[in-house]
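Below you'll find the structure, written out as structure tokens, and then a few comments.
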């Protein structure tokens with residue numbers, strides 16, 4: 001088995017497995033820790049409060065949006081594209097069709113997927129610049145914060161370059177762009193459970209806990 005075949009096959013499944021197991025374990029640890037330190041949340045837990053806050057914060061319709069509408073819309077679009085593209089990109093669905101699972105589902109239109117990919121890259125770079133020049137964000141930022149943004153952007157940038165042959169058809173980068181795309185995507189999957197990228201899942205735990213606490217005290221969520 002050559003390196004490309006290893007990356008396309010076993011390494012892809014290893015990355016997916018690390019991501020899934022890591023997120024489940026981290027979620028269980030988060031839940032168990034909350035039972036020890038936040039007993040009131042479990043005592044007064046209500047799905048009504050939890051779903052109310054999800055509805056408010058998963059849509060660009062909250063207090064932060066009213067104060068910074070352009071920023072919130074950009075971040076919202078950034079996250080929506082990051083979630084939808086890996087699942088509904090046509091090339092990814094073809095891989096599932098060709099796998100041992102042989103499953104398939106509807107894909108995003110090619111033109112829409114292209115613009116969503118560019119949106120991730122452009123907004124990601126803008127967020128990086130904002131973090132570097134905004135006084136408060138610059139003070140709080142660490143090299144790892146910039147690195148995680150790079151890790152997030154790379155699968156989409158390399159995917160765009162691989163799909164549209166922007167670099168031509170010859171040369172080291174052009175000939176290996178598909179490989180770089182797979183490696184960068186696998187790196188992102190593996191890092192999610194162990195870095196701040198885990199907020200993509202733990203958000204639901206932390207936001208739910210906040211909703212119960214606010215609801216118990218009669219505050220607006």
Contacts under 7 angstrom Cβ, first residue in segment 148-163 being within 13 Å of residue 192 (Cα to Cα), partner at pLDDT below 95 and outside any helix (DSSP H, G or I), 6 or more apart:
148/195
Please determine whether any residue of segment 159-175 is surrounded by 16 or more Cβ atoms within 10 Å (Cβ to Cβ), at pLDDT 90 or above, in a helix (DSSP H, G or I) and under 16 Å from the mean Cα position of the chain (by Cα).
yes
From the residues in segment 101-114 that are surrounded by 11 or more Cβ atoms within 10 Å (Cβ to Cβ) and assigned to a helix (DSSP H, G or I), which one is modelled with the lowest pLDDT?
110
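Inspect all residues belonging to segment 138-148 and state whether any of them is closer than 19 Å to residue 88 by Cβ and out of contact with any strand residue (DSSP E or B) (no Cβ under 6 Å at 6 or more places or on another chain).
Scanning segment 138-148 turns up no residue that is closer than 19 Å to residue 88 by Cβ and out of contact with any strand residue (DSSP E or B) (no Cβ under 6 Å at 6 or more places or on another chain).
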Residue within segment 77-90 that is touching a residue at least 40 places away in the same chain (Cβ under 8 Å) and over 14 Å from the mean Cα position of the chain (by Cα) present
yes
Here the residues within segment 43-63 that are over 11 Å from residue 209 (Cα atoms) and at pLDDT below 65 are 60, 61, 62
Any idea which of (1) within 17 Å of residue 185 (Cβ to Cβ); (2) part of a helix (DSSP H, G or I); (3) in contact (Cβ under 8 Å) with a residue 24 or more places away in the chain is the one residue 96 doesn't satisfy?
(3)
Qualifying position, being over 16 Å from the mean Cα position of the chain (by Cα) and at pLDDT 75 or above, among 217, 130, 207
130
Return yes when residue 179 is more than 15 Å from the chain's Cα centre (by Cα), closer than 30 Å to residue 25 by Cβ, touching a residue at least 60 places away in the same chain (Cβ under 8 Å) and surrounded by fewer than 18 Cβ atoms within 10 Å (Cβ to Cβ) and no when it is not.
yes
Out of (1) in a helix (DSSP H, G or I); (2) modelled with pLDDT under 95; (3) farther than 21 Å from residue 59 by Cα, the one residue 125 does not meet is (2)
Checking residue 66 against (1) surrounded by 12 or more Cβ atoms within 10 Å (Cβ to Cβ); (2) modelled with pLDDT under 75; (3) over 21 Å from the mean Cα position of the chain (by Cα), which test does it fail?
(1)
Any chance residue 137 is modelled with pLDDT under 90 and within 18 Å of residue 71 (Cβ to Cβ):
yes
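The values are calculated or read from the model by the stated rules, or taken from the named source; none is laboratory data. Predicted model, so just to flag it, every value in this text is computed and none were measured. No Cβ is skipped: glycine too gets one built from the backbone with ideal geometry, and neighbour counts run over all protein chains shown.
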